[in-house]
Every structure is written in C-alpha cells, then in structure tokens.
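Only one structure is covered here, and it is reproduced in the block below.
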Amino acid sequence: MIYFDNAATTFPKPEKVYEKILYTMKNIGANPGRGSHKMAINLAEEILSTRIKIAKMINCDDEMNIVFTSGATESLNLALKGLLNEGDHVITTASEHNSVLRPLKALNLKGVSITVVPIDLKGRVSLVDIEKEIKRNTKLVVINHVSNVLGTIQDINSIGELCRRKEIIFLVDVCQSLGLLPIDIKKDNIDLLAFSGHKLLYGPQGIGGIYINPNICLKPLKEGGTGSYSNSMVQPEVIPDKFESGTLNCPGILGLGAGIDFINEIGINVIREKELNLCKLLLKELKKLPFIILYGIDNNLYRTGVVSFNIEGMDSSLTGNLLDNENIAVRTGYHCAPLIHSFIGTINKGTVRVSLGYFNEEEHIEVFIKALKKIYKNI
Ligand code: PMP
C-alpha cells in the first residue's frame, strides 16, 4: 500500500514511537502525579520531558505552559470556548478546519460575532483584509498556519505582528506545520498554539496539546481530579493542572515524545527538504497530465506537500476509490474544511488530496502517476 494520507495522520510511525508506547504500558503504566511510588514518579518525569521537548520546539521558555489534550480539536475548543464571551468579536479565515469553524458557529449562537476573511485562489489570506475587519471588540484572530486542503502556508509572522500592535489575541492552528516548519511563538507573537500529536509530530492518535500564554485567562473545558490540591473542591488555577483534569493519555504523551525525538534526530530542515523535493516531483508529473485540475499555490516556498487535484469530469470520491483499488491511499471530499471550496471552485465535488510524509519515496509518485493514467484511460 502506498500511503498518501499523511495530513489525516502520518503512517507509518517511526519504530521508536511504537516501542515507547509499548514500553510505557508494560513498564511504567502507573498514574502520574497520583502516587508516591517509583513507577508514578518515573512516568511523571517522562511526561515532563515531553512537555520540555514541545516547549523547545516552539521557543517557549516555560514547559508548564504546554497543556496536553486529546488532539487539536480539543485544544481549539479549549482556546475558543475558554476565551470568547457574548459581545466579543473574532476574525477567522475561509481556509479553516471544522475544528475551528464548528466551535465558532456554536459560540456565534451564544452572542459571539464572527468575521470570515476570504482567501484567494491559491489559498492565501491577505493581511489587509484582516486589518480591515478589526473592530473595537475584536478579541481574537484564529488561523491555520498551513491549509489541510491546499498546503498553503500563511504569513503568520505578519499577522502575529498586527495582532500584537492591535492588542488582539492570536491563536494559530499548527496541525499541518508543527514538526515540518520552524515555529517560534515569540517571533510570531503567538498567544495560543493548538497542535496535533499524530500528524507531523509522528505520535499516536488521541494526543495533542496547546501552548497557552500565561497572561491569558482561559476557562477550562472540564473540571476534575488533577492529582494536585486534592483537599480542595475548587479547580486549581495553576497551569497545566487547570486544564488537565483526569488521567492523562500517558502512552500517547510518551509516544509523542518519541516522535519528537525522531524529528530532532533527522532535523526539521532535512524533513522539510525531503518533503519539498517529493512535492516538486509530484507537481511536475501532475502538470504533464492534461486531464488533471490542480488547486493551490505553485511556489514551493509557500506550500507543503499537501496537494489537491481532480480528474476532469470525475467525482473526487470515485477517483479515491479507483486509487484504492490500485493500493494507493488518498483522501477525498471536503477535508473537514467547508468554506475553502467555494473559493477554489470545488464546491460540489471536493478534491482528491495527496499528502506526503517523511516515509514516502520517489517511486511512490511514479506508481501513483501510472495509476492516474490507467484510471483516466478506463473512463
Ligand atoms: N486543524 C487542521 C488544519 C487539521 O488538519 C486537523 C486534522 N485533520 C485538525 C485541526 C484536527 O486535529 P485532531 O485530529 O488532532 O483533532
């Protein structure tokens, strides 16, 4: 099977990730922060070490500002619902995933007003359009760093600078970039950074997190046991405990730590370069096929290896099924991003999405191109 669905979740994971998860469950499967015995203490230290690895990756000085969640969806819900109240205004973009748009829609019904800034054909958002929409009550700008449909990279540095200047909180969804592109919360003025563990960080599913600027007051999504201040019925205010009620996903967190070790050993620039080279080859070969409609940006500096296309006259899901028959795994349809399609002309058909990962090779692209030719010939 050729796996081209890495934007959904990376596969395979590095061997050390599988090993670490098994090791955690078999050898230190206690409840961290809940026991005074060696196993619980050992596991708590390992969890801290993963927090440190994430903090380093985003240039955060205090690892306690990294909160673990079940994934980016929970992180984004925590940020949006924890921050926004009736009367607040938020600016977002047409390129967002439903993990931003749906919580915002729910908040809209509770009196939060929302402005969705358009994107151009290449998936880019204009800084001028964002600035134009800022109102007296604008509390937040939320945007994804990289589109999960087109792979377009947004200029988060300029948007972050604008937010800082206007004293607006800046939330970035880095699901499709953390682990592939350098991210610096200080340089980019990011206050809240939602990430997924199972995509470019090569961890398992069910783990993710959020960086929270300690100056921002968020309501927790849930209350409960934290292993700290246990003689009180009141939820602790200290971070990360405030947001981490209940037993943590320890195998997931340690697996994520092993995924980050893998990235650090290879080097984020090496990973990015490999993906870019594969992406260049893929785009070059796709452009040679006259029956392919490609979407998104051409300039490799402003894109990642998430590539959307359609075969002329063919429904995206049929293309996906026929590729599956050839043992090639892609994603088809709307990719949980409902607004982007009216901007790129795919409103009733969606797209076929190839998303490359570190474990893809040039031969995979050759086989894929042959499969597309065969599919088109047999229409
Ligand atoms: N945002 C983007 C841009 C995504 O691609 C995804 C996953 N498809 C999410 C958020 C949700 O991530 P998770 O699966 O970790 O909840």
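Just so it is clear, none of the values below were taken in a lab; they were calculated from the coordinates. Everything quoted here is computed from the prediction, not taken from an experiment. Positions of Cβ are backbone-derived with ideal geometry, glycine not excepted, and every protein chain shown enters the neighbour counts.
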Q: With θ set to phi - 60°, apply the Karplus curve 6.51 cos²θ - 1.76 cosθ + 1.60 along region 295-312 and write out the HN-Hα couplings as whole Hz, x wherever there is a Gly or Pro.
A: 10, x, 8, 8, 6, 5, 5, 10, 8, 10, x, 9, 10, 10, 7, 9, 8, 3
Q.
Could you tell me the extents of the chain's C-alpha atoms along the three principal axes, largest first, rounded to whole Å?
A. 70, 54, 33
Q: Calculate, in nm to one decimal, what Met39 and Arg164 gain on full extension: separation in residues at 0.36 nm each, minus their alpha carbon distance.
A: 40.6 nm
Q: Compute the separation of the alpha-carbon centres of region 164-231 and region 283-339 and state it in Å as a whole number.
A: 30
Q) Could you give the dipole magnitude of the chain about its Cα centre, charging the beta-carbon of Lys and Arg +1 and that of Asp and Glu -1, in debye to the nearest 20? A) 520
**Q.** Packing-based ranking, highest mean first, of 164-174, 301-311, 131-141 given that Cβ atoms within 10 Å are counted
**A.** 301-311, 164-174, 131-141
Q.
I want to verify a result. In a Gaussian network model of the chain, Cα cutoff 10 Å, which of these has the top mean-square fluctuation: Ala94, Ala194, Ala30?
A. Ala30
Q: Determine which lysines satisfy two conditions relative to Lys38: a Cα distance under 21 Å, and not lying fewer than 8 residues away in the same chain.
A: Lys20, Lys26
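Can you bin region 48-122 into rounded, prolate or oblate? Criterion: square roots of the alpha carbon gyration tensor eigenvalues sorted a ≥ b ≥ c, rounded for a/c under 1.5, prolate for a/b above b/c, oblate for the rest.
Judged from the Cα gyration tensor, region 48-122 comes out prolate (a/c at least 1.5, a/b above b/c).
Just check region 223-379 against the gyration tensor rule for me: Cα atoms, a ≥ b ≥ c as the square roots of the eigenvalues, rounded for a/c under 1.5, and otherwise prolate or oblate depending on whether a/b exceeds b/c.
Note, shape of region 223-379 comes out prolate.
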**Q.** Estimated vicinal HN-Hα couplings, Hz - region 183-191 in sequence order (Karplus 6.51, -1.76, 1.60; Gly, Pro = x)
**A.** 10, 9, 5, 7, 4, 9, 6, 8, 9
Q: Have a look at Ala329, Ala106, Ala258 and tell me which one the Gaussian network model of the chain (Cα, springs below 10 Å) gives the largest fluctuation.
A: Ala106
